[in-house]
Amino acid sequence: HWMQPLVKGGFLYGFAGRNEPDVELACCELATGKIVWRRDLRWTEKVGDREMVRSFFRGTLLDVDGSTLCLGEHGALAWLDLSPEGVEVKQRTQLFLAPETWSLPVVYRGLLYIAQNDQDRGGGTSEPRWICYDFRARPAGAAE
């Protein structure tokens, strides 16, 4: 769709699909244009007493020091391991449940900036906002 793809080692990785239900992460070989793989990255999560299907949907990808950070359009954040052989979700969390999270995140000097473009629909009360996460390493024994 319109989300930011990522070029890595002669391959293009990005979310393909027009609408939320039909989106998959895809890998394309740049030299040939051949689609190497497509993966549906949905998962099931218990929310209260209900099982809910979650996904990155039309997510965006960002290279951070050789690792891949993925921000889904409803606020899911994950570290991915991308290769021509496939994708592995290394870590995942739901920062908020707000649609239209379409802005590419920014990492600057160890700080991750994310734009939440709509109100949190996951029971939170937060309005649209900028969020900053500190990814800088702290020395052992340092106060938080």
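A few remarks follow.
- Solvent exposure of the range 1-55 amounts to 63 Å² per residue of accessible area, where only protein heavy atoms count and the probe is 1.4 Å.
- D_trans [Stokes-Einstein, Kirkwood Rh over alpha-carbon pairs] for the chain, 4 °C, 1.567 mPa s, µm² s⁻¹: 80 µm²/s
- Across the chain, the relative contact order, built from alpha-carbon pairs under 8 Å that are at least six residues apart, equals 14 percent.
- Protein accessible area in the chain, 1.4 Å probe - carbon and sulfur %: 49 percent
- Where the range 71-144 is the region considered: accessible area per residue in Å², 1.4 Å probe: 60 Å²
- About its Cα centre, the dipole of the range 1-126 is roughly 60 debye, where the only charges are +1 on Lys and Arg Cβ and -1 on Asp and Glu Cβ.
The values are calculated or read from the model by the stated rules, or taken from the named source; none is laboratory data. What you see is a predicted model, and the numbers here were worked out from it, not measured in a lab. No Cβ is skipped: glycine too gets one built from the backbone with ideal geometry, and neighbour counts run over all protein chains shown. Ligands, DNA and RNA are excluded from the accessible area calculation, which covers all protein heavy atoms including side chains. Shrake-Rupley method; radii C 1.70, N 1.55, O 1.52, S 1.80 Å.
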